[in-house]
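Throughout, read-outs are computed from the coordinates displayed, never taken from laboratory work. In this text, all values refer to a predicted model and were calculated from it rather than measured experimentally. Neighbour counts are summed over all protein chains in view; Cβ atoms, including those assigned to glycine, are modelled from backbone coordinates with ideal geometry.
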Amino acid sequence: MKSIALLGVGLFFACQLVSQAQCLEKVSRSTNKKEYYQIVQLVGKKEFLSLSRTGEEKIFTYHNENVELIFHVQMFTEIRFTTKKSVFSLFTTMSDRNFWNRSFMLSSPVTPQELENMKETVKIEVILPEERKIYTFGNKANVLLNKALACVL
């Protein structure tokens, strides 16, 4: 099982260019409604988190274009958050992947309480069948994550 541990300082510099205080917005092609979102870069430009809000619906999404899984079937995947106060998990199913769409995404609706709990995140673990991705958050990186959370709360 591979694991990647990012130092908070490294994550801070990676996130600094992408995560901004203001929410980004676009019009959803499927619902024709305004979607407000924020991206938090994890590793390079191919691995990031996004938090989005359309009306009352709030979504947490993990994106990764570097994961090469053998199994390309629908399965439940756990995303475990360790915060200064607690540990909790979101359970998601993976998006369809094929030769034309190499992007791997895990999306989960989130409640306002889950978003609040994410505020003091220390570590996020994405637990896949073949590997475990681990991202650690220092104080500066957590500030950037909190800005993204403020966008959807």
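Which lysines does residue 119 reach when only Cα atoms under 25 Å apart count, and residues fewer than 8 places away in its own chain are ignored?
Of all the lysines, those that pass the test against residue 119 - Cα under 25 Å, at least 8 places apart if same chain - are 26, 34, 45, 46, 58, 84, 85, 133, 140, 147.
May I ask you to compute the full-extension gain from residue 122 to residue 29, defined as 0.36 nm times their residue separation minus their alpha-carbon distance, rounded to one decimal in nm?
That works out to 30.0 nm of additional length.
Report the net charge of residues surrounding residue 139, where surrounding means a beta-carbon distance below 15 angstrom and charges are Lys +1, Arg +1, Asp -1, Glu -1.
Computed value for this residue: +4.
How charged is the neighbourhood of residue 55? Take every other residue with its Cβ under 12 Å from the Cβ of residue 55, and add Lys/Arg as +1 and Asp/Glu as -1. Before the final figure, lay out the partial values.
On the way: positive: 33, 34, 53, 58; negative: 35, 56, 57.
Computed value for this residue: +1.
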